[in-house]
Amino acid sequence: MSTVRELFDEADKKLKRSRVNRVIDGNGEERTDCIVITPDMQEAAKRRKEIETYRNRTDNPFTLVHMEGARDLAMLKALNTKELGYFLLLQTYMDYSNMLKMSLHARLPMTEKELAEVLRIRDKRTYSKLLNKFMELGLIQSKKITLFKQEYKAFYINKDYCLRGSSQTNKLVKVFINAMQELYSQKDIKPADIGFLYRLLPYMHYESNHLVRYPYEPEFAKADALSLRDIVEVTGMDEKNVKEHLRIKLTGLHVFGSFKAGKNSVYKVNSSLFYRGVASELVKADFILTKQSRS
């Protein structure tokens, strides 16, 4: 049986718990029109959001680009910006084995003709030359496979540059497949626009989606956000072309948001297209609720 002291202690604990979400104004009266959100409640809401995001992953499929691989390829200068764009686009057509297919549910591998179709290249000589170049650089390999008792030629993208599924490293950028393909379907979007995006993937900061010089630095303040001049430097492109690429839109929304930081503008990438980590509504809101300034 509980002692009187234990009963009093339990009653006191219940009283304190009941006061956690109470708001008392300056007159000592309780406010019933206010809600207190505790840190524990915020953390629980965040966890629920993350779980919901992963549950919906199949509805918003993505491929994962290795940031170091993208940086090395861009610095190699073996491919121009247009060709880098073609390479990124192809990554949105691969399955979990990195085999190229026309769609996520296709049963057969993508043919060379279909490869040209998704890249919007009409001239056979042009796409054959591009494919041969990718293969010579080791970006794509071709293999003979047997499916349904028939032999097919299949193309695979090198896993040093991208993958589908999960990985132990966080040096990856999610490329949302439907959004990327939708972007490229827009008449005013060129392969070089996509190649410009590929050049910037190695500079995306975790969670915030800002473009920074040190993308693996956890604290954004120390990550050194990129200005327009910095983007010109890291991409190796002239300022006029950089400004033009920074204006591209995806179904009416800017792909890049620019924000004033002192005398310079810094840039954030739309999380509907690319993201590192678990995309938050706050990051998305920058592109939905505000009108972005342009350089």
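The values are calculated or read from the model by the stated rules, or taken from the named source; none is laboratory data. A quick note: this is a predicted structure, and the numbers were derived from the prediction, not measured. No Cβ is skipped: glycine too gets one built from the backbone with ideal geometry, and neighbour counts run over all protein chains shown. When the accessible area is computed, the model is the full protein with side chains, heavy atoms only, and any ligands, DNA or RNA have been set aside. Shrake-Rupley method; radii C 1.70, N 1.55, O 1.52, S 1.80 Å.
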Any chance Tyr86 is under 30 Å from Val242 (Cα atoms) and either assigned to a helix (DSSP H, G or I) or open to solvent by 10 Å² or more (accessible area, probe 1.4 Å) (or both): yes
Scope segment 256-271; condition open to solvent by 50 Å² or more (accessible area, probe 1.4 Å) and not in a strand (DSSP E or B); matching residues: Gly262, Lys263
Looking at segment 150-168, I want the residues that are touching a residue at least 60 places away in the same chain (Cβ under 8 Å) and have a partner that is open to solvent by 100 Å² or more (accessible area, probe 1.4 Å) and aromatic (Phe, Trp, Tyr) with Cβ atoms under 8 Å, at least 6 apart or on another chain. Which pairs are those? Arg164/Tyr96; Gly165/Tyr96
Within segment 94-113, the residues that are without any contact (Cβ under 8 Å) to a residue 40 or more places away in the chain and crowded, with 17+ Cβ neighbours inside 10 Å are Lys101
Taking segment 205-221 and keeping only residues that are touching a residue at least 40 places away in the same chain (Cβ under 8 Å) and surrounded by fewer than 22 Cβ atoms within 10 Å (Cβ to Cβ), one is left with Tyr206, Glu207, Ser208, Pro215, Tyr216
Is it true that some residue in segment 239-255 is touching a Leu at 6+ places or on another chain (Cβ under 8 Å), farther than 17 Å from Leu88 by Cβ, among the charged types (D, E, K, R) and surrounded by fewer than 22 Cβ atoms within 10 Å (Cβ to Cβ)? yes
Kindly provide the set of residues from segment 155-168 that are under 15 Å from Asp72 (Cβ atoms) and polar (S, T, N, Q), ordered by number. Asn158
Can you name the residue in segment 150-166 that is closer than 14 Å to Met67 by Cβ, of a type outside the set (A, V, I, L, M) and surrounded by 16 or more Cβ atoms within 10 Å (Cβ to Cβ) and is also nearest to the chain's Cα centre (by Cα) among such residues? Cys162
